[in-house]
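Report on the following structure.
The values are calculated or read from the model by the stated rules, or taken from the named source; none is laboratory data. These figures come from a predicted structure and were not determined experimentally. Using ideal geometry, Cβ is built from the backbone for each residue, glycine included, and neighbour counts are taken over all protein chains shown. Note: accessible area is taken over every heavy atom of the protein model, side chains too, but ligands, DNA and RNA are not part of it. Shrake-Rupley method; radii C 1.70, N 1.55, O 1.52, S 1.80 Å.
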Amino acid sequence: MTENFDFLKNPFEGLTNENKKEFQNKCSEIAENLFNNFCIQCGENGEEKYYKFAEIEFYYYNKENLNQKWNEKTYPRTNKDAGDLFFHYSGVDICFDSKFDNGIFGGILIRSLKDNQGKYITGPSVCMLEILNACSKSERMPKLVSPKKEKCEIGGPIERYGIEQKDDLPLCFYDKNLFEKYTSKDNYKETFENATWDYAKKSPKKIIRYYKRFCK
C-alpha cells in the first residue's frame, strides 16, 4: 500500500510573514493528522514495531516568504520528498517536500514517541536512537505509515523548547497523556532508565535520566 503524504508536500504555499495565524492553523491541522492517522514502522516480516507520535515540533524555511528568526534553526536538506525521514544532529524529522536549491525545506522534529506496548520514549535524540535500533535487524529503513486510525487528544500549540521566541510562533504539539504522565511541579520528571556498563563490576548498571519539557 502506498501512503498518501500530500498533506506534507507544500502545506504552506502562498503564506507570508503576515499570515502567522494561518500558518499556525495549518500546523495544527497537520499535527492532528499525524497523531491520529500515522505512525513510524520499524522492521518487517512479522517483526514490525510501531511508534505513535507523542510530541512533535515544526521547522520550515522558505527564503521568499517566511523569514522569521526561528527559520535559522531549520536544518537544510537536499531533495527530500514529503514523508521521508531525515536524520540529523538533533534527532529525526518527518520531511515536507524539500528542495534545498530552491530555498524551501523543512520538517517535523519527533520529540517523543509511544511504542506499541504503551512505553513512552522521550527526547529527540533518544527517539532517533530507538528508531534506528528497532530497525537494526531489518533490511528496510524506518518509514511513516498509516496502519490504523487511533484517536488522540492533542495539546498545543505551545512554545518550542530551547528556541528564542521573540518573533516565533508556538509550534509544538503533544499527546495530553504524555503531558499528564511526565509533567511535575518543577517541570522535571524521571522518564526512563538507561542501562550502562559498570566496568569495575563487569555488569550493567542503571542510570536515571531526566527530561525537561513543557516549561511555562
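Among the residues of the stretch 15-52, which ones are at pLDDT below 90 and part of a helix (DSSP H, G or I)? Give the steps one after another, and end with the answer.
Taking the stretch 15-52 as the starting set, the residues that turn out to be at pLDDT below 90 are 15-24, 43-49.
Across the stretch 15-52, the qualifying residues are Lys20, Lys21, Glu22, Phe23, Gln24.
Name the one entry in Thr122, Thr74 that is under 21 Å from Lys176 (Cα atoms) and touching a strand residue (DSSP E or B) at 6+ places or on another chain (Cβ under 9 Å). Even if it seems obvious, please write down each step before you answer.
Numbers: Thr74 fails: under 21 Å from Lys176 (Cα atoms).
Criteria check complete, one pass: Thr122.
Quick one: in the stretch 96-143, which of the residues that are acidic (Asp, Glu) and within 16 Å of Cys42 (Cα to Cα) is least open to solvent (accessible area, probe 1.4 Å)?
Narrowing the stretch 96-143 to residues acidic (Asp, Glu): 97, 101, 115, 130, 139.
With the extra rule that they be within 16 Å of Cys42 (Cα to Cα), the set shrinks to 115, 130, 139.
Values: Asp115: 14, Glu130: 46, Glu139: 180 Å².
Checked the stretch 96-143; the qualifying residue least open to solvent (accessible area, probe 1.4 Å) is Asp115.
Does Thr183 fit the bill of being farther than 14 Å from Ile40 by Cβ, modelled with pLDDT under 85 and touching a helix residue (DSSP H, G or I) at 6+ places or on another chain (Cβ under 7 Å)? Can you show your working first?
Numbers: farther than 14 Å from Ile40 by Cβ: yes; modelled with pLDDT under 85: yes; touching a helix residue (DSSP H, G or I) at 6+ places or on another chain (Cβ under 7 Å): no.
No: the conditions fail for Thr183.
Would you point out the residue of the stretch 1-14, among those that are farther than 29 Å from Arg140 by Cβ and either at pLDDT below 85 or part of a helix (DSSP H, G or I) (or both), that is most open to solvent (accessible area, probe 1.4 Å)?
Here is the first cut: in the stretch 1-14, the residues farther than 29 Å from Arg140 by Cβ are 12-14.
Those still in the list that are either at pLDDT below 85 or part of a helix (DSSP H, G or I) (or both) too: 13-14.
Working: Glu13: 136, Gly14: 60 Å².
Looking at residues that are farther than 29 Å from Arg140 by Cβ and either at pLDDT below 85 or part of a helix (DSSP H, G or I) (or both), I get Glu13.
Can you tell me which residue in the stretch 101-128 is modelled with the lowest pLDDT, limited to those that are closer than 18 Å to Leu8 by Cα and among the aliphatic types (A, V, I, L, M)?
Among residues in the stretch 101-128 that are closer than 18 Å to Leu8 by Cα and among the aliphatic types (A, V, I, L, M), the one modelled with the lowest pLDDT is Ile104.
Every residue in the stretch 29-63 that is of a type in the set (Ser, Thr, Tyr) and either over 14 Å from the mean Cα position of the chain (by Cα) or over 17 Å from Pro170 (Cβ atoms) (or both), please. Even if it seems obvious, please write down each step before you answer.
Residues of the stretch 29-63 that are of a type in the set (Ser, Thr, Tyr), as a first pass: 50-51, 59-61.
If the condition is that a residue be of a type in the set (Ser, Thr, Tyr) and either over 14 Å from the mean Cα position of the chain (by Cα) or over 17 Å from Pro170 (Cβ atoms) (or both), then Tyr50, Tyr51, Tyr61 are the ones that fit.
Kindly list the number of the only condition in (1) touching a residue at least 40 places away in the same chain (Cβ under 8 Å); (2) more than 25 Å from Leu132 (Cβ to Cβ) that fails for Leu8.
Tallying (1) touching a residue at least 40 places away in the same chain (Cβ under 8 Å); (2) more than 25 Å from Leu132 (Cβ to Cβ), Leu8 fails exactly one: (2).
Right, Ile131: more than 14 Å from Ile56 (Cα to Cα) and modelled with pLDDT of 75 or more or not?
Values: more than 14 Å from Ile56 (Cα to Cα): yes; modelled with pLDDT of 75 or more: yes.
Considered against the rule, which asks whether it is more than 14 Å from Ile56 (Cα to Cα) and modelled with pLDDT of 75 or more, Ile131 comes out as yes.
Of everything in the stretch 144-172 that's under 30 Å from Glu47 (Cβ atoms) and either in contact with a Leu (Cβ under 9 Å, 6 or more places away or on another chain) or among the charged types (D, E, K, R) (or both), which residue is modelled with the highest pLDDT?
Residue satisfying both the conditions and the ranking: Leu144.
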